[in-house]
Amino acid sequence: MEKPKVEKDHVDYASEMDILVPHEHRFSVLNRSFGSLVGAGLPLFSIGGGILRWVLYQILTDFHVQRGYRVAMTPAVASTELYKVSGHYDFYRENMYVFNIDEHEFAIKPMNCPFHVLIFANLLQKYRENVPLPYKIFELGTVHRYELSGALYGLMRVRGFTQDDAHIFTPSDYLHETVMATFQEMKEIYTKLFQLPFSEENIYLRLSMGDPEKIGEEFIGTKEEWENAEEALRGVAQEIKESEGMKYYEEKGEAAFYGPKIDVVMKFGEDEWQVGTIQFDFNLPRRFKLVDLVKEVGAAEDLYMVHRAYLGSIERFLGVYLEARKGRLPFVLNPVQVAVVAIRTGKEEVDRTIDNAVLLLREMLVGEGIRAVVVPADRTSLARKVRKFETTVRPSIQVYVGEKDLEKGEVPVKYYVLGEGHREKKIAFSSPEEIFHGVMEIIRELEAPVEELTGKKYRLYEDLQYMV
């Protein structure tokens, strides 16, 4: 008999916040589950999830462009000829979705890297030595990979997911500094966007190495190439250890089939999850003859390819984050950002004053692109309604407006700071506009880490009043 679930998991939080349509939920009039219609391992994001992902994608795109990455968009399907050249067809075929159309074999994209190689090769042929090296291509690329049905779980293990994926084409002279720079970029994303601690206490590195006995079977390349790449990887890990204090260990046989990698493992409470990854690749440049091409155009004498993803699978990262933070999100990503609670008294004139103040405050917040909702309550329903939105939509900021607050000229505000918990503040006012300015001051405080990351504010208003 299955044990009853005591604590909420990430699917519960995502459902309550309208981020995800859970597969097990029923489509009542069809008498079927949503999952049976969507398909196993394929997450269906709802409207709150659409807001979250749109804002997140804007932040990630700006972050990368500001750091010299070029943005790409690549097809969801390709001829298997591409994956035969890349080696995926021989070494990754069991994880690919392959099908035939008009007597030609195609595959749904399992990885973005072969497309980025084609883009880079085309640029080299067109612009030759004018192409700057290292050259960095970034894509929020959606991929599909087969997973056993028994392994599928919420957002953690899926068959379709999006990566914050980038590939850096670099001569060996720049390899070390390139990888060190990517590690610092990853640190910025974690600490400023997601406000996660990034230190030796909660992060360590796993060096996923090849297996010399399986080179040619499970790993492409020569023994010498693998030894050189793994030695370079150790040098980077050692420098990170010295500069950041982070420990690392090696794990034999866990490399990608095309090269060794650094996996960043983060501790969330008692659990550990592999999140970001930085991978060395000497195989794809050789298989696509990029080394010959850079020599031909006079751009460089050799070439490495660095694969890196800071969040990895965005779906999995969000699942891990929601579970670890118990449904709390950064202010900029939270679907419902502000709840303005109107505490009515039953006195017509007083309630009209309260309603006017609350509606004006919401209107001004909406005018700034803030996703604000109004929660009507009275003394008997207040605790229940607060408990409901605190355990479902989880607004980052709560503003309470009642008769006593209007008499005192001071409204209580409760807001959530990631890593700390709730803070409380009183906003003195003589007009609703002053309440607005006080709330905006808190909003600017919560937006500050992301603004520091890219120099921009991220606001997308959608009317989510129906959620409360």
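Using unit Cβ charges (K, R positive; D, E negative) and no other charged atoms, how large, in debye to the nearest 20, is the dipole of the chain about its Cα centre?
1320 debye
Name the GluC sites (Glu not before Pro) in segment 310-377 that are in a loop by DSSP and that have at most 16 other C-beta atoms within 10 Å, would you? All intermediate terms of the calculation are to be shown ahead of the outcome.
On the way: sites: 315, 323, 348, 349, 363, 368; in loops: 368.
Within segment 310-377, the qualifying GluC sites (Glu not before Pro) (loop, at most 16 other Cβ atoms within 10 Å) are 368.
Once both labels are modelled 7 Å past Cα along the beta-carbon direction, what's the residue 93-residue 67 spacing in nm?
Here the modelled spin labels are 3.8 nm apart.
Within segment 375-468, report the GluC sites (Glu not before Pro) that DSSP leaves as loop and that have at most 15 other Cβ atoms within 10 Å.
Values: sites: 390, 403, 407, 410, 420, 424, 433, 434, 441, 445, 447, 451, 452, 462; in loops: 420, 462.
Hits after loop and neighbour filter: 420, 462.
Could you work out [θ]222 nm for the chain from helices alone, using -39500 (n - 2.57) per DSSP H run of at least four and dividing by all its residues? Round to the nearest 500 deg cm²/dmol.
On the way: 15 runs with 175 residues, N = 468.
Theoretical 222 nm ellipticity from helices: -11500 deg cm²/dmol.
Please work out the C-alpha center-to-center distance from segment 339-400 to segment 131-199 and express it in whole Å.
40 Å
By per-residue mean of other Cβ atoms within 10 Å, what is the highest-first order of 253-260, 272-279, 33-40? Don't skip to the answer; put the middle values down first.
Working: 253-260: 21.6, 272-279: 20.1, 33-40: 13.8.
With the highest mean Cβ count within 10 Å placed first, the list reads 253-260, 272-279, 33-40.
In the chain, which whole DSSP H runs stretch at least 18 Å along their own axis (Cα) and average 0.5 or higher on the Kyte-Doolittle scale? Please report the intermediate quantities before stating the final value.
On the way: long enough: 47-66 (29 Å, 0.69); 113-127 (21 Å, 0.87); 175-188 (20 Å, -0.44); 223-244 (31 Å, -1.43); 348-367 (28 Å, 0.24); 432-454 (32 Å, -0.02).
Helices passing the filter in the chain: 47-66, 113-127.
In whole Å, what is the distance between the alpha-carbon centres of segment 34-81 and segment 436-464?
A separation of 23 Å, based on Cα centres.
Could you check the simple spin-label distance between residue 231 and residue 127, using points 7 Å along Cα→Cβ, in nm with one decimal?
3.4 nm
Please report, in debye to the nearest 20, how large the charge dipole of segment 331-467 is about its Cα centre when each Lys and Arg carries +1 at its beta carbon and each Asp and Glu carries -1 there. List each step's numbers first, then the result.
Numbers: 21 positive and 23 negative charges, 107 e Å.
With Lys and Arg at +1 and Asp and Glu at -1, about 520 debye.
Over 22 Å between Cα atoms: which of 84/214; 404/426; 136/261; 8/425 fall into that group? Numbers along the way, then the final one.
Working: 84/214 20 Å; 404/426 13 Å; 136/261 18 Å; 8/425 30 Å.
Listed pairs above 22 Å: 8/425.
For segment 258-323, which trypsin sites (Lys or Arg not before Pro) are both in a DSSP coil and crowded by at most 13 other Cβ atoms within 10 Å?
Working: sites: 261, 267, 286, 287, 289, 295, 308, 316; in loops: 289.
Listed in order of number, the matching sites are 289.
Which of [x] 26.6; [y] 23.8; [z] 24.7 is the computed Kirkwood radius over Cα pairs in Å for the structure on display?
Given [x] 26.6; [y] 23.8; [z] 24.7, the structure-derived one carries the label [z].
Bear in mind that the values in this text are calculations on the coordinates, not laboratory data. Bear in mind the structure is a predicted one, so any value in this text is a computation, not a measurement. Heads up, the Cβs are rebuilt from the backbone with ideal geometry, glycines too, and the neighbour counts pull from every protein chain shown.
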